[in-house]
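This report refers to the structure that appears directly beneath it.
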Amino acid sequence: MALFQSNNPVLKESIFDKAAHAEGATMTIRGTVNKMSFLLIMLMAAAVFSYGEFLRGSSNVLPMVFGGAIGGFIIALVIIFKKEWSGYLAPAYALAEGLFLGAISAMFNASYQGIVIQAVGLTIGTFIAMLVLYRTGIIRATERFKSIVMTATLGIGIFYLIAMVLRLFHIDMPLIHSSGLFGIGFSLIVVSIAALNLILDFDMIEQGAAQGAPKYFEWYASFGLLVTLVWLYLEILRLLSKLNRK
C-alpha cells in the first residue's frame, strides 16, 4: 500500500482498507463519470437561471452572487471534512456555484461581449487537453508532481486570502486586478496551476477505482473535479477580461 503514502489528503489508506470489506459498494470510474455529469447538469441549469435573471434586470442577482459564493464555500468545507456526506451535499454545491457562475458571467459579458463563450470554450479545451496528456502518460501524477502542484495551489490560496483581507482596508493587490504585463502574467500562472490540478483529480479517480474506494467516493471525486473546473473557468474569465482591458 505504499501507493497511498501520498501528499494528497483525500487518498488515505484507511479509506481503501474499509472499502475492501464492502463487497459491491466500491467506487467505479463509470459511476464517477455519471455523477460528474449529473453535477454539471445541475450547475449549468442554475447558471442559466441566474444568467437569465441578470438579463431581465432582476434584483435577485446580487443575492445570487454572494449567496452562491458563500453558500458554495461553506458546503465545500463541510464536504472536505465529511466526505461521506458528499452524496447529499455535492448537488447542493453544484446548484450554489451555478447560481454564482451564471450571475458573475452575465456581469462580465455585459462589459466584454462574447467573453463567456470564449471562457467556456477554453475551459472545455483545457479539460480535454489535460485528460489527453494524462491518459497518454505525457504528464504523470508522481509524488513530486503532486507536491509541487499542491504547494503552488496552497500558495495561490494564501495570496488570495491576503488580498481579500487587504481589500477590506481598501488596498488592492495589483497582480490580481491589473491588466498590465505582470497582472496578465500572474493570471497565466494561476490558470496553469488550476489546469494541472485536473491531473491530480484524474489520478484520484483512477486510483480510487483501482483500489476499491467506498461508493460515496464517486460523489467526492466528482465534487473535487467540479471545484477545479469552477476555479479554472473563473481564472480564465479573469484572464480574458484583463486581455480585453489591455
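The values are calculated or read from the model by the stated rules, or taken from the named source; none is laboratory data. In this text the structure is predicted, and so the values were computed from the model without any measurement. A quick note on method: Cβ atoms are made from the backbone with ideal geometry, for glycine too, and the neighbour counts reach across all protein chains shown. What goes into the accessible areas is simple: the full protein's heavy atoms, side chains included, and nothing from ligands, DNA or RNA. Shrake-Rupley method; radii C 1.70, N 1.55, O 1.52, S 1.80 Å.
Observations on the structure shown:
- Test: residue in the stretch 193-201 that is modelled with pLDDT under 95 and charged (D, E, K, R): no
- When residues of the stretch 170-227 are limited to those that are free of Cβ contacts under 8 Å to residues at least 40 places away in the same chain and touching a Leu at 6+ places or on another chain (Cβ under 7 Å), the one most open to solvent (accessible area, probe 1.4 Å): Phe182
- Check on Ile184, over 17 Å from the mean Cα position of the chain (by Cα) and either outside any helix (DSSP H, G or I) or closer than 26 Å to Glu84 by Cβ (or both): no
- Check on Phe81, in contact (Cβ under 8 Å) with a residue 24 or more places away in the chain and open to solvent by 80 Å² or more (accessible area, probe 1.4 Å): no
- Members of the stretch 116-139 found to be exposed (fewer than 12 other Cβ atoms within 10 Å of the Cβ), outside any helix (DSSP H, G or I) and on the phi < 0 side of the Ramachandran plot, listed by number: Thr136, Ile138
- Selection within the stretch 144-166 - open to solvent by 20 Å² or more (accessible area, probe 1.4 Å), within 23 Å of Leu243 (Cβ to Cβ) and without any contact (Cβ under 8 Å) to a residue 24 or more places away in the chain: Phe159, Tyr160
- Evaluation of Gly121 against (1) under 15 Å from Val230 (Cβ atoms); (2) under 17 Å from the mean Cα position of the chain (by Cα) (one fails), failing number: (1)
Table: residues versus (1) open to solvent by 60 Å² or more (accessible area, probe 1.4 Å); (2) among the basic types (Lys, Arg); (3) part of a helix (DSSP H, G or I); (4) at pLDDT 95 or above.
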position: Glu23; (1), (2), (3), (4): yes, no, no, no
position: Leu43; (1), (2), (3), (4): no, no, yes, yes
position: Val48; (1), (2), (3), (4): yes, no, yes, yes
position: Glu53; (1), (2), (3), (4): no, no, yes, no
position: Gly57; (1), (2), (3), (4): yes, no, no, no
